[in-house]
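Novice: Can you read through this structure? Questions will come right after.
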Amino acid sequence: MRNALLKLALTGDIREDEAVDGLRRVATALGEPLDVVEREIAAMVREGLLHDPIRIPPGAVKCHWRLEPTPAGAKLAASAR
């Protein structure tokens, strides 16, 4: 699932206003249970492969959820192609 998550993150397509909506989109896209996806994303954030998905852009009033690889995660995803 790790490689699939990194490839999905590279697309930049997973952005939602609410974290649970982002997690649901990822879980649906991967065909995995929501709790499994949530744990794997958290592990990958700790390992430096994904940025923390909860962001508050400069000037924003509200945070949003975005699946995005770190440079290390992008490199790993590219090598797995």
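Novice: Quick one: is Arg39 touching a strand residue (DSSP E or B) at 6+ places or on another chain (Cβ under 8 Å) and open to solvent by 50 Å² or more (accessible area, probe 1.4 Å)? Give the steps one after another, and end with the answer.
Specialist: On the way: touching a strand residue (DSSP E or B) at 6+ places or on another chain (Cβ under 8 Å): no; open to solvent by 50 Å² or more (accessible area, probe 1.4 Å): yes.
Criteria not met by Arg39.
Novice: Also: Select from the range 50-64 the residues that are over 10 Å from the mean Cα position of the chain (by Cα) and part of a loop (DSSP other than H, G, I, E, B) and list them in ascending order.
Specialist: Ile56, Pro57, Pro58, Gly59, Ala60, Val61, Lys62, Cys63
Novice: With in contact (Cβ under 8 Å) with a residue 12 or more places away in the chain and surrounded by fewer than 14 Cβ atoms within 10 Å (Cβ to Cβ) as the only criterion, which of Gly59, Gly31, Gly73, Gly12 stands out?
Specialist: Within the list Gly59, Gly31, Gly73, Gly12, the selection yields Gly12.
The values are calculated or read from the model by the stated rules, or taken from the named source; none is laboratory data. Everything quoted here is computed from the prediction, not taken from an experiment. Using ideal geometry, Cβ is built from the backbone for each residue, glycine included, and neighbour counts are taken over all protein chains shown. Surface accessibility is based on the protein's heavy atoms, side chains included, excluding ligands, DNA and RNA. Shrake-Rupley method; radii C 1.70, N 1.55, O 1.52, S 1.80 Å.
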